[in-house]
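The values are calculated or read from the model by the stated rules, or taken from the named source; none is laboratory data. Note that this is a predicted model, so its numbers are computed, not measured. Here the Cβ is made from the backbone with ideal geometry for all residues, glycine too, and neighbour counts use every protein chain on show. With ligands, DNA and RNA removed, areas are computed over all heavy atoms of the protein, side chains included. Shrake-Rupley method; radii C 1.70, N 1.55, O 1.52, S 1.80 Å.
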Amino acid sequence: MLLKSNLILLILTVAGAQPWADPVVVLPPPEYSGKVSLEEAIFKRKSVRSFRNDALTLAEISQLLWSAGGKTIDALTGPSRSHPSAGGIYPLEIYLVVGKVRGLKQGIYKYFWRDHTLQMVKSGDHRSSLAGAALKQLFIEQAPATIVLTALYRKTARVYGNRGTIRYVPMDAGHAAQNLYLQAAAMGLGTVAVGAFNDRSVKKVLALSREDPLYLLPVGKPSHD
Ligand SMILES: Cc1cc2nc3c(=O)[nH]c(=O)nc-3n(C[C@H](O)[C@H](O)[C@H](O)COP(=O)(O)O)c2cc1C
């Protein structure tokens, strides 16, 4: 994996790009077992809208991203992701808006699930713009990070037509978000699935062109139980 990211850096350098402007972050590997049972995580799951001002660690971010849509086992058709997906098409993309994460500069990152890496797409603290785009739901500004689920609708629509667009893609996102809710609960963290936002404004904040945002999921330590 390290070899691959070094190769990417080398190619970027030869191509005259500034690889240090958008470095690849290799995330620590996720854990595949934990101390909290699935039943306990389901029981504890709830929406959290108030976060402590504590930084998240890279290990916590790694685990949360993996739960939302990371790589699991290899199937006949290729690697599977943590959430089910109609036709195994996996139209979801994942972004991370970072305010306060130890080991990560403030910015917006794209998550590459096959390699479990992040790549910065925009630097700076964009939490307040994201909260503004989400009808001023200010807990998004308060949370140390927000995971954004987007979709390339055309991937699923190509196979399933309108049914893919209006049903399957949002269903995929629901599965991914529930994973994240349960993973956060199991780690003593909190999240809330935010669907109320202005699509165009969120697309602008994330510099999205072909993808559409589906969910914003701020994550952090709950400020009370
Ligand atoms: C599709 C969807 C959209 C949602 N959008 C928002 C939102 O924009 N803001 C928010 O605070 N909560 C949002 N929620 C969270 C719900 O308000 C929350 O799940 C509900 O109040 C039940 O509470 P619980 O999750 O703690 O069980 C959304 C949930 C879903 C499933």
Count of segment 191-211 residues which are in contact with a Ser or Thr (Cβ under 8 Å, 6 or more places away or on another chain) and among the acidic types (D, E):
1
Of everything in segment 40-58, what is open to solvent by 10 Å² or more (accessible area, probe 1.4 Å) and within 16 Å of the ligand (Cβ to nearest atom)? Give them in sequence order.
E40, I42, F43, K44, R45, K46, S47, V48, R49, S50
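Does segment 101-133 hold any residues that are open to solvent by 50 Å² or more (accessible area, probe 1.4 Å) and aromatic (F, W, Y), and which are they? Can you show your working first?
Taking segment 101-133 as the starting set, the residues that turn out to be open to solvent by 50 Å² or more (accessible area, probe 1.4 Å) are 102-103, 105-106, 112, 114, 121-123, 125, 128-129.
Residue satisfying the conditions is F112 alone.
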Within the bounds of segment 199-213, is there any residue that is in contact with a strand residue (DSSP E or B) (Cβ under 6 Å, 6 or more places away or on another chain), in contact (Cβ under 8 Å) with a residue 12 or more places away in the chain and within 13 Å of the ligand (Cβ to nearest atom)?
yes
A145 under 16 Å from the mean Cα position of the chain (by Cα), surrounded by fewer than 19 Cβ atoms within 10 Å (Cβ to Cβ) and more than 14 Å from the ligand (Cβ to nearest atom)
no
Would you confirm whether any residue within segment 151-173 is small (G, A, S), under 16 Å from the mean Cα position of the chain (by Cα) and either open to solvent by 20 Å² or more (accessible area, probe 1.4 Å) or over 20 Å from F112 (Cα atoms) (or both)?
no
Within segment 92-133, which residues are more than 16 Å from the ligand (Cβ to nearest atom) and either part of a helix (DSSP H, G or I) or among the basic types (K, R) (or both)?
K100, R102, K105, K110, R114, K122, S128, S129
Given (1) more than 23 Å from W113 (Cα to Cα); (2) open to solvent by 10 Å² or more (accessible area, probe 1.4 Å); (3) assigned to a helix (DSSP H, G or I), identify the lone condition not met by K136.
(3)
For segment 148-173, which residues satisfy the criterion of being in a helix (DSSP H, G or I) and within 16 Å of the ligand (Cβ to nearest atom)?
I166, R167, Y168, V169, P170, M171, D172, A173
Scope segment 174-198; condition within 10 Å of the ligand (Cβ to nearest atom), buried (at least 17 other Cβ atoms within 10 Å of the Cβ) and part of a loop (DSSP other than H, G, I, E, B); matching residues:
V192, A193, F197
What number of residues within segment 59-96 satisfy the criterion of being surrounded by fewer than 16 Cβ atoms within 10 Å (Cβ to Cβ), closer than 23 Å to V219 by Cα and either free of Cβ contacts under 8 Å to residues at least 60 places away in the same chain or touching a Gly at 6+ places or on another chain (Cβ under 7 Å) (or both)?
1
Looking only at residues that are outside any strand (DSSP E or B) and of a type in the set (F, W, Y) in segment 23-70, which one is nearest to the chain's Cα centre (by Cα)?
W66
